[in-house]
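**Q** Following this message is one structure expressed as structure tokens.
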Amino acid sequence: MSTLSLAQFWPAFALTLLAGFSTALGALIAFFSHQENLRFLSIGLGFSAGVMIYVSFMEILPKSMEAFALIYPGNLGQILALLCFFAGVTLSALIDKLIPKDVNPHELKSQKELSPLKRDYAITSSLKRTGIFTAIAISIHNFPEGFATFISALDNLSFGLMIALAVAIHNIPEGMAVSLPIYHATGDRKRAFFYSTLSGLAEPLGAVVGFFLLYPFLGDFTLALTFGIVAGIMIYISFDELIPASRVYGHAHDTLYGLVTGMAVMAFSLVALGNLG
């Protein structure tokens with residue numbers, strides 16, 4: 001991919017937009033769901049992790065290595081790609097460190113997350129503040145996730161669709177985390193839905209910012225750098241958020257079932273795409 005055009009931008013942006021708006025779906029589920037009905041969500045989170053892990057190690061990181069190899073022969077290209085990969089992991093970890101634990105969506109507290117789904121959940125004045133600060137925290141997390149989704153779709157729209165699906169599934173509990181405190185504090189579903197949807201808009205915003213940052217400097221080096229960082233971001237999201245969250249919402253082996261299924265779907269999808277190409 002040597003040039004970046006608007007014709008490539010719009011489909012990739014649309015996928016990122018859909019992934020971001022899944023926080024709104026999480027809000028809707030939260031309004032009508034109960035704790036015992038969340039097993040499907042657990043499997044879905046495991047599925048998302050499987051998709052992200054597989055595509056990061058089998059597609060995105062190798063693309064970074066290949067792009068670096070065009071510029072730097074020998075092992076140097078692979079070393080640079082790995083440095084970018086761990087830079088992506090480090091970037092995600094730093095973002096986590098900057099966000100207070102009580103509103104950080106990566107700091108999973110099973111009782112805290114699941115108790116709002118019970119009818120007798122206590123309504124306190126602090127819930128609204130918690131929901132708003134959680135929305136801000138999730139927005140910060142969603143910015144690099146949106147960029148990662150956009151870059152994946154930009155390079156290959158078909159497996160970008162799989163990444164967008166994985167991100168969309170993992171955004172559902174984030175939408176729940178925003179909407180539930182606000183809803184129980186105010187009794188206003190519209191307001192809770194609004195804040196959940198707003199937090200998801202950081203993903204398409206990340207895509208737009210990424211587009212305008214990349215466009216003037218696009219080349220083999222930029223793509224190699226970006227793919228390495230994106231792979232690191234996705235791996236961090238998978239192991240720090242998706243897998244732990246899946247274990248919170250489901251039963252003993254639901255995470256593993258979803259994880260393996262996600263990897264298998266991604267693997268056979270990439271084989272099918274290769275045969276079509």
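**Q** Rounded to whole Hz and in sequence order, give me ³J(HN,Hα) for region 82-88 from the Karplus expression 6.51 cos²θ - 1.76 cosθ + 1.60, θ = phi - 60°, writing x for Gly and Pro.
**A** 5, 4, 5, 4, 6, 5, x
**Q** With +1 assigned to the C-beta of every Lys and Arg and -1 to the C-beta of every Asp and Glu, and no other charges, what is the dipole magnitude of region 143-210 about the Cα centre in debye, to the nearest 20? The partial results should precede the final answer.
**A** Numbers: 3 positive and 5 negative charges, 61 e Å.
In total the dipole reaches around 300 debye.
**Q** Could you give the nm distance between label points at K97 and R39, where each point is 7 Å from its Cα heading toward the beta carbon?
**A** 4.1
**Q** On to the next question. Label points 7 Å out from Cα along the Cβ direction at R191 and F86: separation in nm?
**A** In this crude label model, R191 to F86 measures out at 4.8 nm.
**Q** Got a sec to turn the phi values of region 67-81 into Karplus ³J(HN,Hα) couplings, 6.51 cos²θ - 1.76 cosθ + 1.60 with θ = phi - 60°, whole Hz, x for Gly and Pro?
**A** Taking θ as phi minus 60°, the curve returns 5, 5, 5, 5, 9, 10, x, x, 6, 4, x, 5, 5, 5, 5 Hz for region 67-81.
**Q** Please name which of P181, N171, G262 has its Cα lying farthest along the dipole of region 168-274 towards the positive end, using unit charges on Cβ (Lys, Arg +1; Asp, Glu -1) and the Cα centre as origin.
**A** Comparing the listed Cα positions along the dipole, P181 ranks first.
**Q** Report the extension gain between F217 and I136 in nm, rounded to one decimal, defined as 0.36 nm multiplied by the number of residues separating them, less their alpha carbon distance.
**A** Details: separation 81, 0.36 × 81 = 29.16 nm, distance 3.03 nm.
In short, 26.1 nm is gained.
**Q** Give, to the nearest whole percent, the P(r) tail of region 133-277 beyond 19 angstrom, counting all Cα pairs.
**A** 59
**Q** Still on this structure, I have one more. Spelling out what I want: for every residue of region 19-24, take phi, set θ = phi - 60°, compute 6.51 cos²θ - 1.76 cosθ + 1.60 (Karplus), and round to whole Hz; glycine and proline get x.
**A** These are the phi-based 3J(HN,Hα) values: 4, x, 6, 5, 4, 5 Hz.
**Q** May I ask for the net charge around D220, where only other residues with Cβ less than 14 Å from the Cβ of D220 are counted and Lys, Arg are +1 while Asp, Glu are -1?
**A** Numbers: positive: K63; negative: E66, D155.
Taking every other residue near D220 into account, the sum is -1.
**Q** Further question: Order the peptides 67-73, 237-243 from the highest to the lowest mean number of other Cβ atoms within 10 Å of their residues.
**A** Descending mean neighbour count gives 237-243, 67-73.
Any read-out appearing in this document is the output of simple, stated calculations on the displayed coordinates, not a laboratory observation. A quick note: this is a predicted structure, and the numbers were derived from the prediction, not measured. All Cβ positions, even for glycine, are placed from backbone atoms using ideal geometry, and neighbour counts span all protein chains on display.
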